[in-house]
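The block underneath contains the structure these notes are about, expressed in structure tokens.
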Amino acid sequence: MEKYSLFGELLYLGFVCEKGRCKSSGFWKLGYKRILHKHIVLLSKLIQCILVSEVSDNDALILKEFIESIQTEKDIIKYYPINEDTMKKLQDSNYSIITSIDSDRCNNNINLLMNDITTEILELLDHKFFLNKKRIAMLIRAIHNLPRVYLGKGLHTLCNIEQPAIDYKAALEYSFNNMDEDTRQRYRKYYQ
């Protein structure tokens with residue numbers, strides 16, 4: 001499997017999952033915050049993998065950690081439609097299924113923006129006294145379509161969602177349009 005397609009699909013599914021689950025107001029159960037934090041940490045690790053523009057042993061380790069971790073969370077695993085045959089192949093190969101990397105598909109602006117946004121979300125979730133739910137929800141809305149630059153029809157991936165890709169300009173524009181003015185200023189360097 002190609003690295004960007006594989007990780008891009010998992011990132012897209014993960015952020016779409018959290019976009020649907022995240023509420024910008026009201027009461028958040030402690031369990032929800034814990035699962036959200038865990039999921040964002042895992043997604044952040046996938047982003048770290050795509051920041052490296054080569055196939056590495058670390059990719060398989062992170063993929064294994066990701067899959068094994070989401071399998072323990074019933075609220076999360078349902079968003080990742082990995083069939084049993086694919087799961088068996090993953091386990092049999094010790095998660096070493098990334099065989100290539102298409103450097104033409106890499107977009108460092110998208111990758112760095114996703115990295116910065118997930119870092120900010122984690123900082124907000126780690127805040128002890130005040131949880132800025134509105135900002136967390138906004139950031140999740142802003143990030144959720146960015147991984148779509150790595151999707152495409154006919155690509156062999158874990159979930160085979162067959163979601164069409166969008167070009168990076170459209171992804172950045174969508175993200176930018178889902179940010180408030182302060183956030184746009186903060187991440188302006190990615191849109192120039």
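Read the figures in this text as sums done on the coordinates, not as results from a lab. Given the structure is predicted, the values throughout are model-derived calculations rather than measurements. Counting neighbours? That spans all protein chains shown, and the Cβs are built from the backbone with ideal geometry, glycine included.
Just a few scattered comments:
- Total residues in the stretch 79-106, condition of a type in the set (Asp, Glu) and over 23 Å from residue 146 (Cβ atoms): 3
- Residue tally, condition part of a helix (DSSP H, G or I) and within 13 Å of residue 5 (Cα to Cα), over the stretch 147-192: 4
A quick yes/no check of all residues on (1) under 18 Å from residue 158 (Cα atoms); (2) touching an Asp or Glu at 6+ places or on another chain (Cβ under 6 Å); (3) of a type in the set (Val, Ile, Thr):
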{"position": "24", "(1), (2), (3)": "no, no, no"}
{"position": "28", "(1), (2), (3)": "no, no, no"}
{"position": "49", "(1), (2), (3)": "yes, yes, no"}
{"position": "54", "(1), (2), (3)": "no, no, no"}
{"position": "59", "(1), (2), (3)": "yes, no, no"}
{"position": "65", "(1), (2), (3)": "yes, no, no"}
{"position": "68", "(1), (2), (3)": "yes, no, no"}
{"position": "92", "(1), (2), (3)": "yes, no, no"}
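- Pairs are defined by a Cβ separation below 8 Å, a sequence spacing of at least 6 or placement on different chains, a first member in the stretch 146-175 that is within 17 Å of residue 108 (Cα to Cα) and in contact (Cβ under 8 Å) with a residue 40 or more places away in the chain, and a second member that is of a type in the set (S, T, N, Q) and in a loop (DSSP other than H, G, I, E, B); the pairs so defined are 148/163; 149/107; 151/163; 168/107; 171/145; 175/145.
- All positions within the stretch 39-60 that are within 19 Å of residue 115 (Cα to Cα), more than 15 Å from the chain's Cα centre (by Cα) and not in a loop (DSSP other than H, G, I, E, B): 58
- Residue that is surrounded by the fewest Cβ atoms within 10 Å (Cβ to Cβ) [pool: residues in the stretch 149-170 that are aliphatic (A, V, I, L, M) and touching a Pro at 6+ places or on another chain (Cβ under 8 Å)]: 161
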